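Structure first, commentary second.
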Amino acid sequence: MRRAALRLCALSKGLLPPGRGLTQGPQDPRKQGHFHIQEACSPIHVNHVRDKLREIVGASTNWRDHVKVMEERKLLHSFLAKSQEDLPPRRMKDSYIEVLLPLGSEPELREKYLTVQNTVRFGRILEDLDSLGVLICYMHTKNHATKMSPLSIVTALVDKIDMCKKSLSPEQDIKFSGHVSWVGKTSMEVKMQMFQLHGDEFCPVLDATFVMVARDSGNKGPAFVNELIPETPEEEELFRQGELNKGRRIALSSASLLKVAPSAQERTTIHEMFLSTLDPKTISFQSRVLPPGAVWMETTKLKSLEVCHPQERNIFNRIFGGFLMRKAYELAWATACSFGGSRAFVVAVDDIMFQKPVDVGSLLFLSSQVCFTHNNYIQVRVHSEVASLQSKEHTTTNVFHFTFMSEKDVPMVFPKTYGESMLYLDGQRHFNSMSALEILRKEHPVDP
Ligand SMILES: CCCCCCCCCC(=O)SCCNC(=O)CCNC(=O)[C@H](O)C(C)(C)COP(=O)(O)OP(=O)(O)OC[C@H]1O[C@@H](n2cnc3c(N)ncnc32)[C@H](O)[C@@H]1OP(=O)(O)O
């Protein structure tokens, strides 16, 4: 069953044929899955992605200048389109990019990406995906008349990241590719894939879908982006998926447990869990005992504090979304390992919503908790809030959801309070939406 979980991703979605990826060998990459939309291009070195972004928005590398630079950017306001129709439509291939992370051929890069278990740090990959997603959107919206872009493009949502390999080698080259797959008025969906060199072939290891939002030059209000014209039946399908994804997100949001009561089946689940924790020796709703081998959810928490230094700023002088994701991921991973008592491997990340920007100088409070488990799977939720040094008021900026696979089966977690029961159900919903599981269910039916 575990092996099956690792076969999801591009392979099982039919984007790439089994065992094949973006090859450097004699095969034509344009014939493979996404890559038929590729235009001849050589990959950008990963270190150049952020340099390119700085160049595109005119960001300074010197923090002392940041106020002046932001003032200068506001002058670009006049280049913003008054309507979407004023902008020339783009094709998917206009935003297609490949990026090389040459861990094999440039060993000096490895240190930054290395885990103690000699695998690749997933938190670093999250940072690279975030920067790449933004660069892809700048390719889509490129205006050849101006050197600098009047748009401030920010990450609004990490819709889904599916891993299709348990761990990555820090000694083999990695390649990313991606393009805009759907466009609204001011938002863009970006699909990215990651491949690792295996022999002489790049094999798929990860699929990611992000949503980016364009803001005006001062990052104060929305800004229109170019329409996207799908050119082939496959591109039309990707575009249609983007449209469906938008609808799905709206439906999920309106069914959120923060807004509506759990379903009848979910209520039954919670009530049965509650009954199984009542002490049979007393006739009381108060005296609770854990079933054998189970764990109270409240005991699985881990917390951390980060000071948001200027070093972690993005090109708009707010805290870089990739940094927030890396910190949340690393806390979630520690939570999963400590809970499961063995190594944990990330399987999926979904629905990371960037609700509010984080200012440089903020205190970032992260709080992580196991909220659902199934066999050897651990669903971890990380809540992040910020406060300024002067104010005690905390504001929620993100909620992160990570699915891990432990080396061995893990205990069930039991909610004690109503609030924890909602976390449990939310965790279960996220777990059930994990695409790996959908495939697994078909191949190896299991209880829900
Ligand atoms: C120098 C080295 C570093 C280089 C790194 C470069 C990378 C930089 C990338 C980043 O680091 S960004 C930092 C992390 N992200 C943030 O801080 C964003 C924080 N969130 C916000 O600022 C706002 O919530 C956001 C701008 C995303 C949305 O604001 P609103 O809620 O006012 O949006 P609005 O209602 O005006 O909707 C605008 C569009 O966004 C869409 N949208 C908003 N929230 C969404 C969501 N959660 N999911 C999907 N789409 C969303 C919405 O559907 C709509 O699409 P359309 O115009 O196409 O119809």
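The values are calculated or read from the model by the stated rules, or taken from the named source; none is laboratory data. Small disclaimer: the values here were computed from a predicted structure and weren't measured. All Cβ positions, glycine included, derive from the backbone under ideal geometry; neighbour counts span all protein chains shown.
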Picking from Leu389, Leu366, Leu305, the residue that is more than 16 Å from the ligand (Cβ to nearest atom), in a strand (DSSP E or B) and under 30 Å from Asn62 (Cβ atoms) would be Leu305
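Residues checked against (1) assigned to a helix (DSSP H, G or I); (2) in the same structural domain as Ala59 (by the TED database); (3) under 12 Å from the mean Cα position of the chain (by Cα):
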{"residue": "Ile315", "(1), (2), (3)": "no, no, no"}
{"residue": "Met325", "(1), (2), (3)": "yes, no, yes"}
{"residue": "Ala328", "(1), (2), (3)": "yes, no, yes"}
{"residue": "Trp333", "(1), (2), (3)": "yes, no, no"}
{"residue": "Asp350", "(1), (2), (3)": "no, no, yes"}
Of the residues in region 198-220 that are within 24 Å of the chain's Cα centre (by Cα) and small (Gly, Ala, Ser), the one that is surrounded by the most Cβ atoms within 10 Å (Cβ to Cβ) is Ala214
Thr300: passes all of (1) more than 25 Å from Gln117 (Cα to Cα); (2) touching a residue at least 40 places away in the same chain (Cβ under 8 Å); (3) among the polar types (S, T, N, Q) but (1)
What do you reckon, is Ser167 part of a loop (DSSP other than H, G, I, E, B) and within 14 Å of the ligand (Cβ to nearest atom)?
no
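Okay, residues lined up against (1) free of Cβ contacts under 8 Å to residues at least 60 places away in the same chain; (2) touching a strand residue (DSSP E or B) at 6+ places or on another chain (Cβ under 7 Å); (3) more than 15 Å from the ligand (Cβ to nearest atom):
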site: Leu100; (1), (2), (3): no, yes, yes
site: Gly104; (1), (2), (3): no, yes, yes
site: Val120; (1), (2), (3): yes, no, yes
site: Gly133; (1), (2), (3): no, yes, no
Counted residues in region 382-397 being of a type in the set (Ser, Thr, Tyr) and free of Cβ contacts under 8 Å to residues at least 12 places away in the same chain come to 1
Scanning region 209-257 residue by residue, those more than 11 Å from the ligand (Cβ to nearest atom), free of Cβ contacts under 8 Å to residues at least 24 places away in the same chain and farther than 16 Å from Asp350 by Cβ turn out to be Pro233, Glu236, Glu237, Arg240, Gly247, Ser254
